[in-house]
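Trainee: Below is a structure I'd like to ask you about.
The values are calculated or read from the model by the stated rules, or taken from the named source; none is laboratory data. Given the structure is predicted, the values throughout are model-derived calculations rather than measurements. Every residue, glycine as well, gets a Cβ built from its backbone with ideal geometry; the counts of neighbours run over all protein chains shown. SASA here: full protein model, heavy atoms, side chains in, ligands and nucleic acids out. Shrake-Rupley method; radii C 1.70, N 1.55, O 1.52, S 1.80 Å.
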Amino acid sequence: ATSRLLVNYQEPYRSQILDYLFKPNFGASLHMLKVEIGGDGQSTDGTEPSHMHYENDENYFRGYEWWLMKEAKKRNPKIKLIGLPWTFPAWIGRGENWPYDYPDVTAYYIVSWILGAKQYHDLDIDYIGIWNERAFNNKYIKLLRYTLDKHRLEQVRIIASDRLWEPISFVLLLDSELHGVVDVIGAHYPGTKTVPNALLTKKKLWSSEDYSTFNDEVGAGCWARILNQNYVNGNMTSTIAWNLVASYYEELPFGRCGLMTAKEPWSGHYKVEAPIWITAHTTQFTQPGWSYLEVDGHLKGGGSFVALTDGLGNLTIIIETMTHNHSQCIRPPLPHFSVRPQRATFYLKGSFYMVETLQVWYSRLGFESGNSSLFQQLHPVKVWKGSFSLDLDVDEVYTLTTLKTGQKCGCPEPPPPQPFPPNYKDDFNIRNPPFSEAPNFADQTGVFEYFVNASDPGDHVFTLRQVVVQRPITWASDADQTISIIGNFQWVNMTVTCDIYIEKPHDGGVFIAGRVDNGGIYVRRTKGIFFWVFADGTYRVTSDLAGEEILMKGLSGIRDNTWHMLTLNIQGTSASGQVNGYPLWENVTVSKPSNGWAAIGTRSFEFAQFDNFHVE
């Protein structure tokens with residue numbers, strides 16, 4: 001759920017961000033885009049909606065991944081697309097928290113997503129994964145291949161298992177039928193190393209999720225090092241960064257662990273971080289289909305190089321000399337190594353002997369000095385009788401290439417940063433919304449979608465509705481309640497007002513909240529100030545999402561299937577609540593947390609509606 005805030009940037013800023021990511025010879029010029037197949041469950045920084053919330057339900061216009069893939073393809077028609085599920089809707093498991101008991105159902109569900117991508121968006125999915133960082137199942141993978149082929153999707157390749165090198169490599173060596181259907185072994189955060197069994201399979205080896213590091217200079221150093229050394233040490237011919245762009249509230253888990261940062265759609269501010277230009281060193285001078293040359297890429301004085309060719313005479317060499325402390329990724333731990341300034345001589349033989357000059361692109365990560373030089377074009381290097389020498393300092397990246405197409409593009413400076421608007425309203429009155437979710441709301445358990453009440457007399461025709469009514473097959477520890485957060489994490493004093501409509505009789509309930517302090521994979525431990533109302537006519541005030549730390553309770557007179565307006569006012573150490581403009585509870589003492597987001601949500605996985613949201 002890391003692209004959540006990208007979608008409601010205004011133009012031209014939104015297109016500029018997308019250009020930096022996807023436009024060839026512009027910025028990161030990405031070769032592939034891997035998206036989550038939304039499953040209605042928490043996947044790290046939020047939930048993404050499924051194309052099939054319920055068994056008899058299909059909708060290929062939810063969420064933002066369809067839009068993102070189309071924007072990527074628009075800029076680079078050759079970009080490769082990968083889909084991978086983190087979570088699944090509950091009906092897939094028939095009540096069990098497991099997607100493999102009915103493998104034909106799961107295969108049907110995943111293949112439906114691929115077919116929908118083509119039918120509704122003209123998107124061809126190139127690779128499909130199994131289940132992110134969780135168990136794989138031999139029978140399911142074989143059935144997935146069979147189902148793909150049955151629907152004439154022979155060109156879709158299977159990648160497994162998006163976890164560790166084992167046990168998938170060992171199992172592929174044992175099971176020849178499985179070996180025949182898995183095209184790529186994808187491992188996560190391999191630390192540039194592979195294992196003997198993976199090499200023995202003779203499969204393509206990918207680091208199918210990596211990086212995940214704060215996007216400052218050290219993050220750029222991490223990215224530069226693994227982009228080369230995943231091949232040099234581990235024979236991996238693809239490295240995929242989680243995540244594409246940090247477009248989620250920064251206080252959620254892994255804040256700013258994207259190649260660039262775009263988390264302020266309300267101001268238009270974004271930042272092209274150093275990892276974008278480190279990416280360009282590889283992506284602007286190679287393409288999918290190019291081959292790595294089998295050279296020992298370790299430099300004598302430390303650091304590494306790779307060489308690639310298109311097989312048509314073009315050559316690209318990428319060199320990195322990242323030092324240990326300036327290139328540590330978030331995981332795994334990095335054993336000590338040393339790098340020193342050195343002179344390196346390269347020899348071009350065979351068909352490359354005829355190369356006379358190489359274009360040079362250069363980056364130096366500044367660290368202590370603070371003045372980095374990123375993706376600068378230097379004078380071409382003359383190749384003399386098949387060789388050339390370079391004086392390499394530490395923390396540098398060089399690209400030497402026969403290609404003359406590299407470009408460092410820039411857009412005008414984006415607007416300056418601004419905090420989230422201190423007075424924010426949304427009445428959800430939009431007839432044909434471009435997205436299924438209201439802007440800036442970041443769902444953390446459950447899914448909140450625009451809804452049209454055809455039977456409403458007029459005040460509440462257009463609302464926001466929570467639509468997940470059974471706990472999904474989870475990947476993280478989703479809460480038992482649903483919750484969507486919004487606003488500024490630094491907010492202290494606030495008034496939250498929202499019209500609410502409980503749909504579930506007897507034990508249904510909804511809340512509005514302030515000073516909400518957590519989300520993402522930590523959503524179960526969320527604290528804040530929660531004002532709950534229930535279908536049985538009672539209310540509660542709690543300091544936690546779980547509803548266990550009760551500050552106040554009593555009767556509200558609220559019932560289900562009627563609209564009511566709730567107001568929560570928090571000032572300093574005191575909170576009060578109103579229903580339909582009349583005080584219900586006052587002067588409740590609140591201590592922790594001292595600040596946080598506003599939020600709305602429900603007592604359980606249940607239908608409920610919200611309208612005329614206002615936070616000040």
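Trainee: Would you mind calculating the relative contact order of the range 94-155 from Cα pairs under 8 angstrom and at least 6 residues apart, reporting the percent as a whole number?
Mentor: Numbers: 29 pairs, mean separation 24.7, N = 62.
It rounds to 40 percent for the range 94-155.
Trainee: What nm distance separates the two modelled labels at residue 94 and residue 507, each placed 7 Å from Cα along Cα→Cβ?
Mentor: 2.5 nm
Trainee: When only alpha-carbon atoms count, how far does the range 424-615 stretch along each of its three principal axes, as whole angstroms with the largest first?
Mentor: 42, 39, 32
Trainee: Can you list the cysteines of the chain that have no other Cys Cβ under 4.7 Å away?
Mentor: Those would be 257, 409, 411, 498, since no other cysteine Cβ in the chain comes under 4.7 Å of theirs.
Trainee: Would you check the accessible area of residue 222, probe 1.4 Å, heavy atoms only, in square angstrom rounded to 10?
Mentor: Taking all protein chains as shown, residue 222 has close to 0 Å².
Trainee: I would also like to ask the following. For the pair residue 424 and residue 101, how long in nm is the line joining their label points, each one 7 Å along Cα→Cβ?
Mentor: 3.9 nm
Trainee: I've got another one for you. Rolling a 1.4 Å sphere over the protein heavy atoms, what is the accessible area per residue of the range 424-615, to the nearest Å²? Walk me through the intermediate numbers first.
Mentor: On the way: 7390 Å² over 192 residues.
Normalised by residue count, the accessible surface of the range 424-615 is 39 Å².
Trainee: Same structure, new question: Let me check I have the definition right: for the chain, take the eigenvalues of the Cα gyration tensor, multiply each by 5, take square roots. What are those semi-axes in whole Å, largest first? Don't jump to the answer; show the numbers that get you there.
Mentor: Values: eigenvalues 445, 155, 85 Å².
Working from the Cα gyration tensor, I get semi-axes of 47, 28, 21 Å.
Trainee: Among 449, 154, what's the order by accessible area (1.4 angstrom probe), most exposed first? Intermediate values should be presented prior to the final figure.
Mentor: Details: 449 20, 154 100 Å².
Final ranking, largest accessible area leading: 154, 449.
Trainee: Pull out the extension gain between residue 377 and residue 582, defined as 0.36 nm times the separation in residues minus the alpha carbon to alpha carbon distance; nm, one decimal.
Mentor: Working: separation 205, 0.36 × 205 = 73.80 nm, distance 6.68 nm.
Length gained, residue 377 through residue 582: 67.1 nm.
Trainee: Could you calculate the contour length gain from residue 459 to residue 525, that is, 0.36 nm times the residue separation minus the distance between their Cα atoms, to one decimal place in nm?
Mentor: On the way: separation 66, 0.36 × 66 = 23.76 nm, distance 3.58 nm.
Additional length available on full extension: 20.2 nm.
Trainee: Ok, one more. Determine the principal axes of the Cα atoms in the range 31-160, then give the extent along each, sorted from largest to smallest and rounded to whole angstroms.
Mentor: 42, 31, 28
Trainee: Which distance in nm do the two modelled labels at residue 202 and residue 121 give, with both placed 7 Å along the Cα-to-Cβ direction?
Mentor: It is 3.6 nm.
Trainee: In terms of solvent-accessible area of protein heavy atoms at a 1.4 angstrom probe, what is the ranking of 183, 45, 459, 480, highest value first?
Mentor: Values: 183 40, 45 5, 459 130, 480 75 Å².
Result, largest first: 459, 480, 183, 45.
Trainee: Give me the accessible area per residue for the range 31-160, probe 1.4 Å, as a whole number in Å². Working shown, then result.
Mentor: Numbers: 4780 Å² over 130 residues.
Ligands and nucleic acids excluded, the result is 37 Å² per residue.
Trainee: Would you mind calculating the relative contact order of the range 424-615 from Cα pairs under 8 angstrom and at least 6 residues apart, reporting the percent as a whole number? Walk me through the numbers before you get to the answer.
Mentor: Details: 535 pairs, mean separation 57.3, N = 192.
Reported relative contact order: 30 percent.
Trainee: Let me ask another. Ordering 331, 163 by how much accessible area each has at a 1.4 Å probe, largest first, what is the list? Provide the component values of the computation, followed by the final result.
Mentor: On the way: 331 80, 163 105 Å².
Heavy-atom accessible area, descending, gives 163, 331.
Trainee: Once neighbouring chains are kept in place and the probe is 1.4 Å, which whole percent of the accessible area of the range 31-160 is contributed by carbon and sulfur?
Mentor: Carbon plus sulfur share of accessible area: 46 percent.
Trainee: Full extension from residue 351 to residue 408: what is 0.36 nm times the residue separation minus their Cα-Cα distance, to one decimal in nm? Each step should come with its number before you reach the end.
Mentor: Values: separation 57, 0.36 × 57 = 20.52 nm, distance 2.95 nm.
Working it through step by step, the gained length comes to 17.6 nm.
Trainee: Could you tell me the calculated FRET efficiency between residue 536 and residue 592, based on Cβ-Cβ distance and R0 = 30 angstrom, to the nearest 0.05? Please report the intermediate quantities before stating the final value.
Mentor: Working: r = 29 Å, r/R0 = 0.97.
Result of the calculation: an efficiency of 0.55.
Trainee: With every protein chain present, what accessible area does residue 420 have (1.4 Å probe, heavy atoms only), rounded to the nearest 10 Å²?
Mentor: Per-residue accessible area (residue 420): approximately 10 Å².
Trainee: Carbon and sulfur: what percent of the range 424-615's accessible surface (1.4 Å probe)? Please report the intermediate quantities before stating the final value.
Mentor: Numbers: 3530 of 7390 Å².
Whole-percent figure for carbon plus sulfur exposure: 48.
Trainee: If you roll a 1.4 Å probe over the heavy atoms of the protein chains, what accessible area per residue do you get for the range 191-260, in Å²? The partial results should precede the final answer.
Mentor: Numbers: 2000 Å² over 70 residues.
I get 29 Å² per residue for this part.
Trainee: Please work out how much accessible surface residue 204 shows to a 1.4 Å probe, ignoring ligands, DNA and RNA, in Å² rounded to 10.
Mentor: Near enough 120 Å² of accessible area.
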